[in-house]
Amino acid sequence: MDTITILIVDDAPLFRHGIRAAVAAVDEAPAEFLVVGEAANGPRALELALTLEPAIVLLNAALAGLDGLAVIRTLKQQVPGAAVIVVVDREEEDTLFAALTYGAAAYLPKSVDADDLRDVLRRVARGAYLINDRVLATPAVAARVLARFRDLTHDGEPEVESLFIPLSPREIEVLGVVAQGHSNKEIATLLGISDQTVKNHITSIMRKLAVNDRTHAVVYALRHGWITGAPSSAQPRRTRRWLCLATIRVTLNRLCAGGLSP
């Protein structure tokens with residue numbers, strides 16, 4: 001297992017020391033976590049991130065001098081491989097929405113206990129995007145994200161750029177089932193095909209649409225009117241939740257790519 005490297009950015013030395021102690025408490029060889037640097041302000045954080053290229057930047061949202069949240073966008077541009085975990089003294093809806101918009105992977109209160117912190121570090125290092133669940137648990141913020149998505153997609157109308165659909169009928173069928181929130185194994189059972197065939201279809205779909213994952217493929221198809229997937233009371237709760245997560249993820253990526261402020 002690769003060591004998870006961490007850069008701590010906070011203007012309180014005692015907090016930085018506490019984080020070091022928390023991650024050092026895991027007695028493994030080689031070390032599971034390694035704090036490679038500390039910074040007390042935004043400019044120093046950017047300097048160290050460029051030099052050290054940590055896997056994770058643990059960042060105080062309220063840095064003095066240079067706003068901590070503003071640092072996230074620069075970090076994501078200059079060190080795209082680094083995931084950012086935002087820590088806050090007090091949880092606020094505006095801060096959560098801004099952290100989401102700027103590209104944070106997780107959002108934690110400073111009161112988080114050591115075990116939970118280490119679990120978040122592990123999951124974020126594996127590529128998890130934990131801030132989604134926090135947003136879904138905060139209805140006012142989720143509503144703002146969905147409203148932004150509707151703005152970006154021209155009030156939700158499908159973008160019919162061409163009558164040509166690059167996907168085969170079978171691929172459209174597979175993508176429609178993906179949009180219902182099913183796993184590959186469940187899709188295989190529903191369509192009477194093998195797990196590997198499902199994987200092959202999804203790989204082909206992502207290649208044809210030039211997207212990086214199945215979530216983007218679903219939203220792309222929804223916006224072009226190739227499949228239907230609008231949440232309704234008749235849909236299982238898991239499906240509605242999955243579609244909401246898909247919308248949030250794609251909205252975030254479009255906001256960051258477009259350089260829009262929250």
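The values are calculated or read from the model by the stated rules, or taken from the named source; none is laboratory data. From a predicted model like this one, the values you see are computed outputs, not experimental measurements. Note: ideal-geometry Cβ built from the backbone for every residue, glycine included; neighbour counts use all protein chains shown.
Summary table below
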| read-out | value |
| --- | --- |
| Wholly within segment 36-111, strands (runs of 3 or more DSSP E) carrying at least 3 residues that are aliphatic (A, V, I, L, M) and assigned by TED's automatic domain parsing to the domain that holds residue 14 | 56-60, 83-88 |
| Boolean, residue 15 is in contact with a helix residue (DSSP H, G or I) (Cβ under 7 Å, 6 or more places away or on another chain) and among the aromatic types (Phe, Trp, Tyr) | no |
| Qualifying residue in segment 138-152 (condition: of a type outside the set (Ser, Thr, Tyr), more than 22 Å from residue 107 (Cβ to Cβ) and modelled with pLDDT of 75 or more) | no |
| Subset of segment 112-145 (residues that are among the charged types (D, E, K, R) and either touching a strand residue (DSSP E or B) at 6+ places or on another chain (Cβ under 7 Å) or not in a loop (DSSP other than H, G, I, E, B) (or both)) | 115, 116, 118, 119, 122, 123, 133, 134, 144 |
| Failed criterion for residue 165 (all others in (1) surrounded by fewer than 18 Cβ atoms within 10 Å (Cβ to Cβ); (2) at pLDDT below 75; (3) part of a helix (DSSP H, G or I) hold) | (3) |
